[in-house]
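Participant: Next up is a structure, given as structure tokens.
The values are calculated or read from the model by the stated rules, or taken from the named source; none is laboratory data. Small disclaimer: the values here were computed from a predicted structure and weren't measured. Reconstructed Cβ throughout: ideal geometry from the backbone, glycine too, with neighbour counts over all protein chains shown.
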Amino acid sequence: MKPLELYLHIPFCISKCKYCDFLSAPSEFQERQDYVESLCRDIRSYRNLAEAYVVVSIFLGGGTPSVLTPAQIKDIFKSIKETFQLSGEAEITIEMNPGTVDKEKLRTYREVGINRLSIGLQSALDEELKKLGRIHTFEEFLDTYKLAREAGFHNINIDLMSAIPGQTVESYEHTLRTVAEIKPEHISAYSLIIEEGTRFYQWYGKGQTDQEKHPPLPDEDVERQMYERTEEILEEYRFHRYEISNYAREGKECRHNLGYWSRVEYLGIGLGASSFISNTRYHLCTDMTSYIERIGSGEDLREEIEVLTKEDAMEEFMFLGLRKMQGISGIQFENCFGNTIEEIYGDVLEKLEQEKMLEVKENKIRLTKRGIDVSNYVFCEFLL
């Protein structure tokens, strides 16, 4: 049986953060209940497809999946287990925000098989959390983290953010060290991106900012220092960088995300969720009313269906695989596509190696530190 990853989208949150452009919104209980019932029907609709696969990872993302009740979580996992065959070693993650879980929810997570938590913190400073529109304080995060440890969770990720309005190198270093010292297994460290459709875009997206009302974004030099200090500081605490934005204790790398970057097939279930199945990419409809109605009527939920060409797949192999610090294998490339990597990308590899962007050694190709720093430039070189 082929390996399969599952992603389940829970499009609800307590309050929309100022930087967030994800498909999520505040909601009432009945709206969440209606959605969960439709989601469970959606899950069960994949019984035929499921026969060819064994599920190696599950990720509940959002939104804030931890806003769901224990009963709703149980219903979702009952549908999953009735439909799919799960590997006994499956990594099962739920995203959560501080202040949205209690002992009962955490006990339920353990009961249904969730073995990894991803906690959205972003900053260890309350003033920065307030600027982001987060609904919690750092103290509330610590309470949630303690509850998770007491509940028996031994694989916890913490999300952090740099380039926050008004943030300094010193305040970011404080966050990195404060979080590293509580010893999570994994840290995801991302730089703030100003996305259209967010409040931050209204304030910062057009280059002009009223600094009396809104603190300025860190400039490029400061943002660069934050980026460099991330790896330096986390290495001090024995986190190793295994992907451009992710750091882990040995053996605690996120297997679900490694699957994405290695082009393992994944099935997205829920509003707007994306999939990569049988060399085809698509996403499900993004309108809640339409999603629920179409599930009820048995209509196809898929939109923007793209069957990848061989060239598309080669491009993805390169720029997804090179996100990993271990890089990619020329042998694996040839096994996938029937061509050597030199036949397709020989000139590009030579150019990037001369520019000291790539390191080619024993049929392994990976980004150098310089290549990581300008990874978007490197990835564009592999477009056919």
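Participant: Only one of these is of a type in the set (K, R), at pLDDT 95 or above, closer than 18 Å to A248 by Cβ and in contact with a strand residue (DSSP E or B) (Cβ under 6 Å, 6 or more places away or on another chain): R116, R177. Name it.
Facilitator: Working: R177 fails: in contact with a strand residue (DSSP E or B) (Cβ under 6 Å, 6 or more places away or on another chain).
Checking each option against the conditions leaves just R116.
Participant: Could you please give the count of residues in the range 1-59 that are assigned to a loop (DSSP other than H, G, I, E, B) and small (G, A, S)? Can you show your working first?
Facilitator: Going through the range 1-59, the residues assigned to a loop (DSSP other than H, G, I, E, B) turn out to be 1, 11, 13-24, 26-28, 45-46, 51-52.
With the extra rule that they be small (G, A, S), the set shrinks to 15, 24, 27, 45, 52.
Number satisfying all stated conditions: 5.
Participant: Taking the range 350-366, which residues are more than 11 Å from M318 (Cα to Cα) and surrounded by 13 or more Cβ atoms within 10 Å (Cβ to Cβ)?
Facilitator: Passing the criteria: E350, K351, L352, E353, E355, M357, L358, E359, V360, N363, K364.
Participant: Of all residues in the range 332-382, which are assigned to a strand (DSSP E or B) and in contact with a strand residue (DSSP E or B) (Cβ under 8 Å, 6 or more places away or on another chain)? Step through it out loud before you land on a result.
Facilitator: Of the range 332-382, the ones assigned to a strand (DSSP E or B) are 358-361, 364-367.
Selection gives L358, E359, K364, I365, R366, L367.
Participant: Considering the range 217-261 alone, what residues qualify as being touching a residue at least 60 places away in the same chain (Cβ under 8 Å), part of a loop (DSSP other than H, G, I, E, B) and in contact with a strand residue (DSSP E or B) (Cβ under 8 Å, 6 or more places away or on another chain)?
Facilitator: R249, K252, E253, C254
Participant: In this structure, is F337 without any contact (Cβ under 8 Å) to a residue 60 or more places away in the chain, surrounded by 14 or more Cβ atoms within 10 Å (Cβ to Cβ) and within 23 Å of the chain's Cα centre (by Cα)?
Facilitator: Details: without any contact (Cβ under 8 Å) to a residue 60 or more places away in the chain: yes; surrounded by 14 or more Cβ atoms within 10 Å (Cβ to Cβ): yes; within 23 Å of the chain's Cα centre (by Cα): no.
Considered against the rule, which asks whether it is without any contact (Cβ under 8 Å) to a residue 60 or more places away in the chain, surrounded by 14 or more Cβ atoms within 10 Å (Cβ to Cβ) and within 23 Å of the chain's Cα centre (by Cα), F337 comes out as no.
Participant: What are the residue pairs meeting all of these: first residue in the range 284-297, first residue within 12 Å of D42 (Cβ to Cβ) and in a helix (DSSP H, G or I), second residue of a type in the set (D, E) and at pLDDT below 95, Cβ atoms under 6 Å, and 6 or more apart or on different chains?
Facilitator: Going by the 6 Å Cβ cut-off, there are no qualifying pairs.
Participant: Taking R44 as meeting all but one of (1) under 23 Å from the mean Cα position of the chain (by Cα); (2) at negative phi, write down the number of the exception.
Facilitator: (1)
Participant: When the range 63-97 is examined, which residues are found to be under 16 Å from N257 (Cβ atoms) and of a type in the set (G, A, S)?
Facilitator: Initially, the range 63-97 is screened for residues under 16 Å from N257 (Cβ atoms), giving 90-95.
Scanning the range 63-97 gives a single hit, A90.
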